[in-house]
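Colleague: To start, I am sharing the structure in question, which I have written as structure tokens.
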């Protein structure tokens with residue numbers, strides 16, 4: 001999704017990939033990827049806080065950040081919706097937290113779980 005790349009030391013591909021597996025690497029985000037992820041997340045938060053309970057249960061919206069999804073679902077419930085001011089403030093809190101960039105960073109770091117799959121494909125090629 002966009003211009004994201006990984007930097008890692010290594011004289012060969014294998015050395016570089018080993019450093020990525022060990023977490024000795026850096027994810028570099030170019031352009032507006034972080035901004036794009038943050039904007040998408042903010043829209044998702046607004047949608048979850050405004051939709052009714054049945055629609056939230058029928059459609060499984062996710063950020064792929066399990067703890068963030070749980071927190072939003074915990075606070076975007078029918079009890080909070082009975083108090084529009086609290087609902088609005090809670091939604092604004094999550095949107096501001098999203099703007100911090102931390103959820104986007106966590107998402108990008110979580111993509112490292114794809115390393116074993118890449119390694120398997122690479123071992124089939126080699």
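Colleague: Kindly provide the set of residues from the stretch 64-97 that are free of Cβ contacts under 8 Å to residues at least 24 places away in the same chain and within 22 Å of residue 35 (Cα to Cα), ordered by number.
Modeller: Of everything in the stretch 64-97, those that are free of Cβ contacts under 8 Å to residues at least 24 places away in the same chain and within 22 Å of residue 35 (Cα to Cα) turn out to be 66, 67, 69, 71, 92, 93, 96, 97.
Colleague: Whether any residue in the stretch 56-76 is in a helix (DSSP H, G or I), closer than 21 Å to residue 117 by Cβ and modelled with pLDDT of 75 or more is what I want to check.
Modeller: Checked against the condition, which is being in a helix (DSSP H, G or I), closer than 21 Å to residue 117 by Cβ and modelled with pLDDT of 75 or more, the stretch 56-76 yields at least one hit.
Colleague: State all residues of the stretch 1-49 that are crowded, with 16+ Cβ neighbours inside 10 Å and either at pLDDT below 75 or closer than 23 Å to residue 97 by Cα (or both); if no residue qualifies, say none.
Modeller: Those that are crowded, with 16+ Cβ neighbours inside 10 Å and either at pLDDT below 75 or closer than 23 Å to residue 97 by Cα (or both): 29, 33, 34, 37, 38, 41, 42, 44, 45, 48, 49.
Colleague: Might you check whether a residue that is at pLDDT 70 or above, more than 26 Å from residue 5 (Cα to Cα) and under 17 Å from the mean Cα position of the chain (by Cα) occurs anywhere in the stretch 102-117?
Modeller: No, the stretch 102-117 has no match at all.
The values are calculated or read from the model by the stated rules, or taken from the named source; none is laboratory data. Keep in mind that what you see is a predicted model, and the values were worked out from it rather than measured. Cβ atoms come from the backbone with ideal geometry, glycine included; neighbour counts cover every protein chain shown.
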